[in-house]
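Report on the following structure.
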């Protein structure tokens, strides 16, 4: 809300342009989650004076020592008396940059369902860890559920730093512990922030009591984090919600676009009838629209009289969802009455509602160890993988591809309680129960690769080396490719099998569909990292030479490749030198405005903070630079059999 | 270049319309509670959009305590005529005839009869299975925890501890005969969003929201309007005060705030800098501990 000096029209305009971030929060009992959000609201002026006065009054009444900001969040009487949070509360505040909806979800084990509820509509999750307690089973469970529900941004707020004397060591230890666990989560964006919600350190303003922390305070991060949208504008999925027939002349089909774009004149296919027709008009309140896109609520009329009812889906005929009676899914069980395989439930999926039965419970997942357990039933708050037999076909996509058509709920036919939340996964992918340690947990990760009998160390023995990926990052013209190929030459000469992945050769083939926007750069790096991992698993040493300007992308690469195999090498060369070299005339073109988003000129380069190796090729000959890399591998034991 | 950007208001609108249609498609006898206030005005506009070019597929219901401001009644009748909707009204005549007023019984009992009991009677009388309300989660802390589709048992009671989990945009609409759902399409809207939408869509609202010189008495820091036969306490004298109403309720229990905001943009500017929540002027929220939660459990909106 902040200070406002400009006129109302300016305020209106700015507020219209601010986007919306939906955040969910989770923490264990007494992690101070409500206090943290209370603090955010308090300092961002999201609490009004009279609400604050009520908090002051309550603080005194419940004999709290300081002004207890958690009383703002804990809305229900029972919670305020017990000092715990028992249900999801939604809070709203705005800053000039963004509007925020915060779903405050409780951390007790028995309330996993509320956490899943809050996470299902969020872009980002804040997980609180008590600095004194470290990473608890609860913290892992929270991160797991957030990842399961498809949240791509995690913030680990290490709270109560005031009670550990603002110790950097304590913070670092928690980061290490959580990193070890989160490797398996495949959360693309993971950020750690040390805070004290009670004292206000690093919540809104940067704390001077933790000078060792170089990152932004929490609110600043929330305002600026670049959100990877889960919006799918490719696949048209329009579930018909309501047939609008006010008179004989108008027959419209209303609903909310689950994904994709629909245009006047589009040829569309109706499911399940498979009749084809065209979009005659998209009716808006102020007149017809030429096109509409997810997640808008719209009404369309069609060229032909086709029999369409609620529950049908309009799609493009060249891009169909899966049409299935049998679906595989991960269920989060939310009812007191346990899942009974074979029992009939209602399934609600998009706008369809009919009966189904859970025919097979494959396994239960232990959220703490991320391993799978045999199970004959799912109890309240259990998570498991099942097969669901629907009485009619559903039109669906995998949850990882489409949050709307990939999700469903089960409803108990007698009590009508919402019994489970389901996320659809690919059918028939191989699952391995042999190695629980390898069980990774984002929905995508329930896809398990078949494992052969040969272990990686067998290959390593054959090749007399330990695989690793040298990740060379630096500006264009910093000498990444030159150094990479020189190092490859030296390693091959010494009898070590290695391979160079280079920005230019990957982009001409594997990644030729990608541009240079931040999103595309991120995807470029993700694919390269996956290739590097495969080559590593084949036993090779990989030298990857990529500008990879974003810290976040490199962190993701590190996660994919594995912390112990990823070696970050920073070619630290000043921009002026790179620009003077300009081997491909790229800087000239960029300065002339011919290349948009060119790193160093009109796109940022975020230098590594603590690379394994820093090479100044501005001062060092290529031969020596490559030599340094080989030496590093030798010293760290990569050039000998395991 | 086509734009695929939606503003915050666009997103809220799309969500609300989905909710309105889901109810129309899933229930036999839905009804929209209409309280004449700004949130009702917005909710009605969203419903008009949801079913355009058709008319609203459900009636509006005004649970009338008969103690609303005169300007509210005038606005209501004009508004309903303009939009061509069907308005039903219900007043709890037995209670009114036996002398229910906040001065006679106190605000707690008065509300319990003329609002909560009256609402439950009206819903029962109409056999409505789903009722829209314009409540927003940012209004009050127990509302912050209520689902968008909020289940009520046969007696209209809310059980905050066993609410149905609500995931994605998938709403569980199943009920048994006699049970009902309260549905809140504006759950995720804030006071600011509501005003910005009123501005953007040019939605008519009761003129009492805009600042003007009005006859008021000052009582315990609250500005009480002289719109009906309010008993004056000793030493109280009406005075002309520049003020406006942030929320509208019954005239004995609704205070005004000092303000010069006479246009929608000025109101928006005021809200963005104001220090008190809108419900501070509603005397009934402060009458007992956890008062709103208690009222809601019993069936109040």
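The values are calculated or read from the model by the stated rules, or taken from the named source; none is laboratory data. Computed from a predicted model, the values in this text were never measured in an experiment. When we count neighbours, we look across all protein chains shown, and the Cβ atoms used for this are built from the backbone with ideal geometry, even at glycine.
Here are the numbers for the structure shown:
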item	result
Among the candidates A:504, A:520, residue that is over 16 Å from residue A:628 (Cα atoms), surrounded by fewer than 19 Cβ atoms within 10 Å (Cβ to Cβ), without any contact (Cβ under 8 Å) to a residue 12 or more places away in the chain and in the same structural domain as residue A:611 (by TED's automatic domain parsing)	A:520
Checking residue B:109 against (1) out of contact with any helix residue (DSSP H, G or I) (no Cβ under 7 Å at 6 or more places or on another chain); (2) under 30 Å from residue B:201 (Cβ atoms), the condition it does not meet	(2)
Single condition residue B:198 does not satisfy, out of (1) within 18 Å of residue B:132 (Cα to Cα); (2) more than 9 Å from chain A (Cβ to nearest Cβ)	(1)
Extreme residue, surrounded by the most Cβ atoms within 10 Å (Cβ to Cβ), among residues of segment B:48-63 that are within 17 Å of residue B:130 (Cβ to Cβ) and within 14 Å of chain A (Cβ to nearest Cβ)	B:50
Filter pass, residue B:195 being touching a helix residue (DSSP H, G or I) at 6+ places or on another chain (Cβ under 6 Å), at pLDDT below 95 and buried (at least 22 other Cβ atoms within 10 Å of the Cβ)	yes
Residue satisfying condition, being under 22 Å from residue A:564 (Cβ atoms), part of a strand (DSSP E or B) and either at pLDDT 90 or above or in the same structural domain as residue A:576 (by TED's automatic domain parsing) (or both), within set A:462, A:491, A:470	A:470
Restricting segment B:164-180 to residues that are within 11 Å of chain A (Cβ to nearest Cβ) and out of contact with any helix residue (DSSP H, G or I) (no Cβ under 8 Å at 6 or more places or on another chain), the residue that is surrounded by the fewest Cβ atoms within 10 Å (Cβ to Cβ)	B:176
Strands (runs of 3 or more DSSP E) completely within segment A:307-374 that count 2 or more residues being within 30 Å of residue A:270 (Cα to Cα)	A:313-315, A:322-333, A:344-349, A:352-366
Helices (runs of 4 or more DSSP H) contained entirely in segment B:49-147, each with at least 2 residues that are within 16 Å of the chain's Cα centre (by Cα)	B:70-83, B:118-125
Residue that is in contact with a strand residue (DSSP E or B) (Cβ under 8 Å, 6 or more places away or on another chain) and within 28 Å of residue A:349 (Cα to Cα), where the choices are A:256, A:209	A:256
Lone qualifier among B:35, B:26 - being in contact (Cβ under 8 Å) with a residue 40 or more places away in the chain, in contact with a strand residue (DSSP E or B) (Cβ under 8 Å, 6 or more places away or on another chain), over 18 Å from residue B:193 (Cα atoms) and within 14 Å of another protein chain (Cβ to nearest Cβ)	B:26
Breaking point among (1) farther than 30 Å from residue A:300 by Cα; (2) away from chain A (no Cβ under 14 Å); (3) touching a strand residue (DSSP E or B) at 6+ places or on another chain (Cβ under 6 Å), for residue B:97	(3)
Meets criteria (crowded, with 22+ Cβ neighbours inside 10 Å and under 19 Å from residue B:47 (Cβ atoms)) for residue A:244	yes
Matching residues, segment A:375-387, being in a strand (DSSP E or B) and either at pLDDT below 90 or under 13 Å from residue A:333 (Cβ atoms) (or both)	A:378, A:383, A:384, A:385, A:386
Residue identified as assigned to a loop (DSSP other than H, G, I, E, B) and within 14 Å of chain A (Cβ to nearest Cβ) among B:45, B:5, B:21	B:5
Segment A:247-263 - residue that is part of a loop (DSSP other than H, G, I, E, B) and surrounded by fewer than 15 Cβ atoms within 10 Å (Cβ to Cβ) and, of those, farthest from the other protein chains (Cβ to nearest Cβ)	A:248
Selection within segment A:18-32 - modelled with pLDDT of 75 or more and out of contact with any helix residue (DSSP H, G or I) (no Cβ under 8 Å at 6 or more places or on another chain)	A:22
Meets criteria (away from chain B (no Cβ under 11 Å) and more than 28 Å from residue A:238 (Cα to Cα)) for residue A:329	no
Those residues of segment A:334-343 which are more than 9 Å from residue A:412 (Cβ to Cβ), within 14 Å of another protein chain (Cβ to nearest Cβ) and surrounded by fewer than 22 Cβ atoms within 10 Å (Cβ to Cβ), in sequence order	A:336
Subset of segment A:264-280 (residues that are within 24 Å of residue B:54 (Cβ to Cβ), within 36 Å of the chain's Cα centre (by Cα) and either in a strand (DSSP E or B) or within 11 Å of chain B (Cβ to nearest Cβ) (or both))	A:268, A:270, A:279
Residue A:297 vs. criteria within 24 Å of residue B:15 (Cβ to Cβ), in contact with a helix residue (DSSP H, G or I) (Cβ under 9 Å, 6 or more places away or on another chain), buried (at least 16 other Cβ atoms within 10 Å of the Cβ) and in the same structural domain as residue A:245 (by TED's automatic domain parsing)	yes
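Listed here are the residues, each with its yes/no results for (1) closer than 26 Å to residue B:195 by Cβ; (2) touching a strand residue (DSSP E or B) at 6+ places or on another chain (Cβ under 9 Å).
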residue	(1), (2)
B:12	yes, yes
B:48	yes, no
B:57	no, yes
B:84	yes, no
B:90	no, yes
